[in-house]
Each structure stands twice: as structure tokens, then as C-alpha cells.
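What follows is a set of notes on a single structure, which appears directly below.
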Amino acid sequence: MCRRKSFEFVAYHAFGVTGKLLVELGVIGFLMGTSVAFFVVIGDLAPTIVEKLFQLEYNEHLRTFVLLGKVFFTVHKFRAAVFSQKILETTTSH
């Protein structure tokens, strides 16, 4: 075995720069497709759940608010994780 720890490095080892590029593009496409599918499912299911949970009447903008809220909290979560990682790196580097 080549003892590489990621798909990109295995492809680089086997096929060179072109193989690594193709694998990276494939991974990006897979992740983007997964994100789109996730938001389609959330966009279909979450407004109904929110309506029933909070006893709201149907509102044509509820789906937009739910998806924007999900995007906001997801981005906020990742930014907080990156920020805490930077703090951890600066405190342990001294």
C-alpha cells in the first residue's frame, strides 16, 4: 500500500497532479450536492414542523425565514469553531 491518508494523496501517488485535481473536484461536487440536498429537505420539512410546533398559520415567507435561520446558525457555528481553534492555537503555541 502507498500509506496515504486522503483520497487526494492516493490519486496524486497513482495518477499525478491530474488525478489529484480530479479527485478534489469530485469531492467538492459531492459536498455541494450533499449541501443542496440537505437544504431541499430542510426547506420542505422544517416550515411544517415550525408551524405545528408554534401553532402558526401558513405564511408564504416561513420557508425563507427557516432557511435563512438555518444558514445563519450553521455559519455562526462554524465561525465559532474556527475562532475557538485559533484561540487554542495561540494559547498553546507559547
- Task: Within region 4-11, identify whether any single residue is basic (Lys, Arg), at pLDDT 90 or above and over 19 Å from PHE73 (Cα atoms), and answer yes or no.
- Result: no
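Modelled with pLDDT of 90 or more and among the β-branched types (Val, Ile, Thr): does that describe ILE87?
For ILE87, the condition - modelled with pLDDT of 90 or more and among the β-branched types (Val, Ile, Thr) - is not met.
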- Unique match (being among the hydrophobic types (A, V, I, L, M, F, W, C) and in contact with a Phe, Trp or Tyr (Cβ under 6 Å, 6 or more places away or on another chain)) among VAL40, VAL10, VAL23: VAL23
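The values are calculated or read from the model by the stated rules, or taken from the named source; none is laboratory data. None of these values were measured; they are calculated from a predicted model. Because the Cβ atoms are built from the backbone with ideal geometry, glycine has one as well, and the counts that use them run over all protein chains shown.
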